[in-house]
1. Taking H as built 1.01 Å from N, whose amide H comes closer than 5 Å to the amide H of T113, not counting residues under 5 places away?
2. How large is ³J(HN,Hα) for each residue in region 18-29, as worked out from phi by the Karplus curve 6.51 cos²θ - 1.76 cosθ + 1.60 (θ = phi - 60°), to whole Hz, x for Gly and Pro?
3. Read phi for every residue in region 49-62 and hand back ³J(HN,Hα) as whole Hz from Karplus 6.51 cos²θ - 1.76 cosθ + 1.60, θ = phi - 60°, with x for Gly and Pro.
4. Could you list which residues have their amide H under 5 Å from that of I99, counting only those 5 or more apart in sequence or on another chain, with H placed in the peptide plane?
5. Looking at region 96-127, which trypsin sites (Lys or Arg not before Pro) are in a loop (DSSP not H, G, I, E or B) and have at most 16 other Cβ atoms within 10 Å?
6. Do the sum for the chain: with -39,500 (n - 2.57) for every DSSP H run of n ≥ 4, divided by all residues, what is the mean residue ellipticity at 222 nm, to the nearest 500 deg cm²/dmol?
7. Out of all DSSP beta bridges with both ends in the chain, state the antiparallel percent to the nearest 5.
8. Place a point 7 Å from Cα of L15 in the direction of its Cβ. Which residues in region 29-52 have their backbone N less than 16 Å from it?
Amino acid sequence: MRSPSIAWRLIRQSLTLDTSDDICAGYIVDRLERAPGDVFAVIDYLQLLDQIRRHPELAVQVMQLKAFADSTGAIIVTLSQIGRSFKAGGKPLPELSDIRLPNPVDLSLFTRTCFMHDGKIRLDPRP
């Protein structure tokens with residue numbers, strides 16, 4: 001039996017997977033504030049932050065995540081659903097207008113966008 005590589009051991013020591021059902025920006029920021037070293041977080045997916053009505057509106061939560069990232073240098077990636085109308089539009093890749101947002105969010109708060117579809121990818125600067 002092979003022993004785990006050094007890289008794998010480092011990943012296991014520094015990787016945290018949180019599957020809380022009570023997910024919101026406040027919870028995420030609290031967890032990330034306690035994380036040692038540089039922070040890289042992936043939220044899968046953005047719309048889940050908007051499911052529990054006792055949490056702040058999605059727009060407020062995105063502002064909270066942005067403020068945390070700006071003040072700490074953390075990198076926060078949010079995956080997002082794309083609206084069904086995208087496929088009917090005939091475009092090769094989604095655009096900002098294709099992001100499914102049940103409630104309004106200022107998408108200019110994001111510093112980059114990355115759209116993928118059917119083997120294609122596009123990385124754009126600030127929306």
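1. The answer is D124.
2. 10, 10, 4, 7, 9, 6, 6, 4, x, 5, 5, 4
3. 5, 9, 7, 9, 5, 6, 7, x, 4, 4, 4, 5, 5, 5
4. Residues meeting the criterion, in which the H sits 1.01 Å from N, are G83.
5. Sparse-neighbourhood loop trypsin sites (Lys or Arg not before Pro): R100, R112.
6. When only DSSP H runs of four or more count, the value is -8500 deg cm²/dmol.
7. Details: 6 of 11 bridges.
So the antiparallel bridges amount to about 55 percent of the total.
8. What the label zone holds, given the 16 Å backbone N cut-off, is 40-44.
Coordinate-derived values only; no laboratory data. Note that this is a predicted model, so its numbers are computed, not measured. Note that we place each Cβ from the backbone using ideal geometry, even for glycine, and neighbour counts take in every protein chain shown.
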